[in-house]
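Readers should treat all values here as calculations from the given coordinates under stated rules, not as data from a laboratory. Quick caveat: nothing in here was measured; it's all calculated off a predicted structure. For neighbour counting, all protein chains shown are included, and Cβ atoms are generated from backbone atoms with ideal geometry for every residue, glycine included.
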Amino acid sequence: MNSTKLKRQQTGRRLKFTNDDLWGYIFIAAAMIIFCVFTLYPVFSAIYTSFFNYKPFGSEFVGLKNYADTLKYSKFNLFYKAALNTLIYTVIVVPLSLLLSFSIAVMIMPFKKKTQSVFKAMYYLPGIASGVALSVVWLWLYDSSPDGIFNRLLGIFGIPAQNWLSSTKTSMLSLIIMALLSSHGVRIITYIAALLGIDNSYFEAAELDGATFFQKVRYIVWPLVKPTTLFLLVTGVIGSFQVFMNAYMMTGGGPDNSTTMIGLLIYNNAFVYGKYGLACAQAILLAIAIAIMSLFQFRLMGVDVEY
Amino acid sequence: MATTGLYSQHLHNRKVLYLRNTIIAIILIILAAATLFPICYMILSAFGPNVSTAGNMRTILPSRLTLESFDAFFHFSDYSLRWILNSFIVASGAVIGNVIFASMAGYAFAKIRFKGSSFLFGLILVAMMIPYQVTQVPLYILMVQKFSMTNTYAAMILPSLCTAYNIFLCKQFFSGLPTPLIESAKIEGCNQFQIFIKIILPLSKTVLAVMAINTFMSSWNDFFWPFLVTNDPAMYTIQVGLKQFKFANETLFAPMMAGATISALPMFVMFFALQKYFMEGVTIGAVKG
Amino acid sequence: MKKFITMLLVCVMVLGLFAGCGNGSTQQTTAATTAAPAADATEAPAQETEAAPDTIVIMAPPVTGNYLENLKTWANDFHELYPNLTVQVIETSWGDHNDKLSTMAQAGEAPDIAEISSNALGTFVEMGVAIDIAQYMSADRLADYDENALKYLSLEGTTYGLPLYLTIQSIGANKTMMEELGIDVAKIQKEGWTYEEFLDVIKQGTKDGCYGFVFANSGVTASDMLYIFGAGAGLSNTFTPDLKYTMTSENMLTMLSAVEEMTKSGYMPNYGVEAGQRMVMCQTGNAMIFGKAMPLFENNFKKNNAALEANDGTAVENSLPMDYAFLPVPTMDGCAESCYGTVDGLIAMRNKNTTDEHLKNVLLFMDYICSGERIATCMNELYLDPVCQSGRDALVLEEGRDADNLATAARCIAMVQAPPEGVTTEMTATAKKLMDEQIVPKFQLLLAGETTAQEVYDHICEAAYAAFGADNCVSGKLG
């Protein structure tokens, strides 16, 4: 129990700032000023714009029309299809990538310091590859001709060549595999930082009780890295709901809109069709969906995490 | 080593120990191979002949090894080296800002009980949820029209000086530190600032190193924002510069990869410089009392 | 209470932010006023005319390898001609130009002149940032430009920009291989060919390890195939002269059926091909005819032949020496021969500096770089014909150009049909969205062999009727 909280309970509601209040504001002052100017202001501006038919010289107030247009159901309204695609992508990518990163982080731990460094570098440094090299390589991996790398791999097992990015059967799968394999460096390093913070006395105690390796992972490691998991889960869901670059570079949303994500739709409305007000409204709807998901995750994960 | 305890099972049987570690190592290497593929491709093409258009490059090993692509990269523009310097300045600025401001804010949100903390923290999280595609227009208006900051380092650094992501990361890490540690320091007469400097920071080298390298890398790889706020080739960052190698019907592929390889060097250095902090286990147990 | 205080705090911060903005803008104005006299001072000696000094901002991507370098030279030449006018060039990168331009335009900070493709014009007109240029330049200068090309940069009778070039997109071939097979390439180039003849040729070209035809059609590039073969099926324009939507006509079904036949024939790959691969496949002997192709590719083949000769390792791996032929697109179902073309041009844009006087200066410079020797230089690099009389007059052809390709390109440019007059901004926007969100995605499905031409056609009709109304769409055959 926190002593300040105790004190507060004793004295009841007070109007005076406590010492902690003051320190709290001092500590966050710089961050909040930067945040308000460079993040919050653009966010509020986007919310404001979502009620307008935005034009650089003379916007026109349209009330909730942008929202209504976005949500109006029609066979030809892509918003629902994009929402479904984004949801499928998120539900598969986020848990799998967390599991993969966690497993790799745990597997790196038994080695000597030097070996650990090598593995960390192997997983982390590919992040520095330039975006162009990355897209060229992935397009090559997914080349649908029999010479494509994945198709050659499948050939070894006697599986016929696939039309990876150009078939509705495999396009989403391709983007998911790419997401799982190409960006786990940051997550692995974050998990390792958390693993290093676990005190050895926990394991010693468990050992006396005769716990197996998997029991230790399940009952000691996993609960203790929960704040990190929560962080990676929430930021992972945010990132994956907003996913844009992969679809933009690899498929452009095709074939048959099977990889059209909300992020791509927002981008197209804002920059290709010049409907910035509509794009803002879609972004706000997306943010609301993310907020609901995040609240759910905090409830789910946050039960025994102390704030 | 703090976590050897996790793997204490087979310490007494060397054969089993070696077998176990070998199996783990093989799994890790296979998984790493997929991750390493793009960077190998990038480096090897950089040392290959000066070819254009990426479609040509369908083999990992170049037909011959040469430095002509590097030569082409340095002769492409008067500013080739300046671009790397610019990127370095921008990324360093972002790292310093985040290490100071995000860690302070993260600490406050995790360990100081002050009025409105949960509301403000919620606000930070909500702001992360609006996709950047729509916030970059108002941000652009702010930087260019209101602050007149086109072609300045400030314009490139300020928006990422203290990111919501890093505040969240720090908060999550600090909330794992034991509260009694802070309470006892308070009783001994330390104020919050002293606690932060003397107790919290020394315990947080790992997370600060993680934050520093993540921030450095994302700032280094950021393309669109620097592209928006720079018009002068002397102020381009390396990512903006590398895009200049692409034309309507051809891409100067090998020189571009040479540039990307050179630009990766500072990150190698950065990674290995900070590497030792990843290795330091946090010894909270000792002071837990 | 707790909440109230935090709200208060947020308000204070937001207020502080606006105060910050206020300071920012005053600083900006002082900066501007101090900068102006300085500019006067430097330009004073050269300033013999009474004209006020003005700065023109132009933003362009590297349309050719040397374009941005040339642009800077021309800007200096222009400054010598009109000492009161200074030109600032903003260089962008290929592929990201439009994103930056959109962001700047939406912020009200658009450059005075920007390069755009005619497809993107509607967006900027809709945003209210495109400017009617006819008011700000003399009629006889405007008359220098081909009417056909100007139409691409016009909407509802208003012209918003000047054309740089009209680019034609069609198919190209390994001429050497075609001639070895005894195909009369010169005749095809001179007279065009029908789809049936084309099918027969690619059948002959298909051998072990070599496809008769390959088209880069993966992802968004699928639309290229639709447009290029559409031109051969009489679908050169989205709207008829009486403003009916053409994509619902029987011509569409004819074209879709032909594409379905080609994908299933085995004469062309039945999988998605990356844009970077098509020419390589031709150069390595894995394909005979490829698309999309432009006249400019002649240069790539020549360079590769030279590299093979020199054996210096810069040639395309495993490539063979061969000549390049630029081919017209085959016609379908008795339609008149046509060619798909788009115009890239410069448009004048509105920003906070825009005044009538400023626009006159802007147009002066825009006209300067779109005409005469400037455009001739540019067209020589692109292997295209200038679309203004002064450009044609100034053009001195580079040596060594293939005469047949040159003649074919000229013939194709003449066949390109400009969009009809009277199409509204709204119609353009609806058609663009329909194309991107409904037609191209279904077309991709057809290319993947996962649907039939009839199903795609039915979907297009349904979507188009919903968007335009059945009365405003063509049914039956065009023309």
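Observations, loosely collected:
- Cα centroid separation, region C:176-219 to region B:67-97 (Å): 47 Å
- Scanning chain A for long hydrophobic helices, with DSSP H runs required to stretch 18 angstrom or more by C-alpha along their axis and to average at least 1.0 on the Kyte-Doolittle scale, returns A:19-35, A:78-108, A:226-241, A:276-301.
- Shape of region C:217-285, Cα gyration tensor, a/c cut at 1.5: prolate
- Sorted largest first, the spans of the alpha carbon positions of chain B along the three principal axes are 68, 67, 29 Å.
- Mean ellipticity per residue at 222 nm, deg cm²/dmol - from DSSP H runs of n ≥ 4 across the protein assembly as shown, formula -39500 (n - 2.57): -17500 deg cm²/dmol
- The alpha carbons of region C:424-479 give a radius of gyration and a Dmax of 12.0, 36 Å, in that order.
- Two-site label geometry, residue C:181 and residue C:357: point separation in nm, points 7 Å out along Cα→Cβ: 6.6 nm
- Shielding by partners, peptide C:277-289 (average Cβ within 10 angstrom, other chains): 2
- Each Lys and Arg contributes +1 and each Asp and Glu -1, all at the Cβ; summed about the Cα centre of the protein assembly as shown, the dipole is approximately 6960 debye.
- Listed residues A:91, A:132, A:225, most fluctuating in chain A (Gaussian network, C-alpha, under 10 Å): A:132
- Per-selection Rg to Rh, region B:77-244 - Cα, Kirkwood hydrodynamic radius: 1.06
- Summing charges over neighbours of residue B:49, with a neighbour being any other residue whose Cβ is under 12 Å away from its Cβ, gives -3 when K and R count +1 and D and E count -1.
- Of all stretches in chain C that contain no GluC sites (Glu not before Pro) in a DSSP loop with at most 13 other Cβ atoms within 10 Å, the longest one is C:157-397.
- Neighbour net charge for residue C:190 - beta-carbon separation under 11 angstrom, K R +1, D E -1: -1
- As an equivalent ellipsoid, chain C spans semi-axes of 44, 30, 23 angstrom, where each value is the square root of five times an eigenvalue of the C-alpha gyration tensor, largest first.
- Counting only other chain Cβ atoms within 10 Å of each residue's Cβ, the peptide B:238-247 averages 5.
- Within straight-line cross-link reach of residue A:226, lysines at Cα separation under 21 Å, skipping those fewer than 8 residues along the same chain: A:216, B:111, B:171, B:205, B:288
- Label-to-label distance, nm, for residues given as residue C:302 and residue C:190 (7 Å Cα→Cβ offset): 2.3 nm
- Near the amide H of residue C:239, within less than 5 Å, lie the amide hydrogens of C:246, all on another chain or at least 5 residues away, with H placed in the peptide plane.
- Look at the Cα gyration tensor of region A:119-207: its axes a ≥ b ≥ c give a/c of at least 1.5 with a/b over b/c, and that counts as prolate.
- Long-range tail of P(r) for region C:301-459 (Cα pairs > 25 Å, %): 61 percent
- The alpha carbon convex hull volume per residue for the protein assembly as shown rounds to 182 Å³.
- 3J(HN,Hα) from dihedral phi, region B:26-43, Karplus parametrisation 6.51/-1.76/1.60, rounded to Hz, x for glycine, proline: 5, 4, 5, 5, 4, 5, 5, 4, 4, 5, 7, 3, x, 6, 4, 4, 4, 5
- Over region A:51-301: Kirkwood hydrodynamic radius from C-alpha pairwise inverse distances, Å: 20.9 Å
- Here the label points at residue A:112 and residue B:23, each 7 Å from Cα along the C-beta direction, are separated by 2.3 nm in the simple model.
- Acute angle (nearest 10 degrees) that the helix C:195-205 long axis makes with the longest principal axis of chain C, alpha-carbon atoms: 70 degrees
- Proximal aspartates and glutamates to residue B:146, defined as alpha-carbon separation beneath 13 angstrom and excluding residues fewer than eight positions away on the same chain: C:109
- Beta bridges per DSSP with both ends in the protein assembly as shown, % antiparallel, nearest 5: 65 percent
- Note on region B:139-194: Rg/Rh from C-alpha atoms, Kirkwood Rh, equals 1.29.
- Within-9-Å neighbourhood charge of residue C:165 [Cβ basis; K, R +1; D, E -1]: -2
- With a threshold of 28 Å on the Cα-Cα distance, the over-threshold entries among B:246/C:302; A:55/C:100; C:175/C:433; C:203/C:432 are C:175/C:433; C:203/C:432.
- Averaged over peptide C:349-362, the number of partner chain Cβ atoms lying within 10 Å of each residue's Cβ comes to 1.
- Translational diffusion of region B:238-277 was estimated from the Stokes-Einstein equation, with Rh taken as the Kirkwood radius over Cα pairs; at 20 °C and 1.002 mPa s the coefficient is 187 µm²/s.
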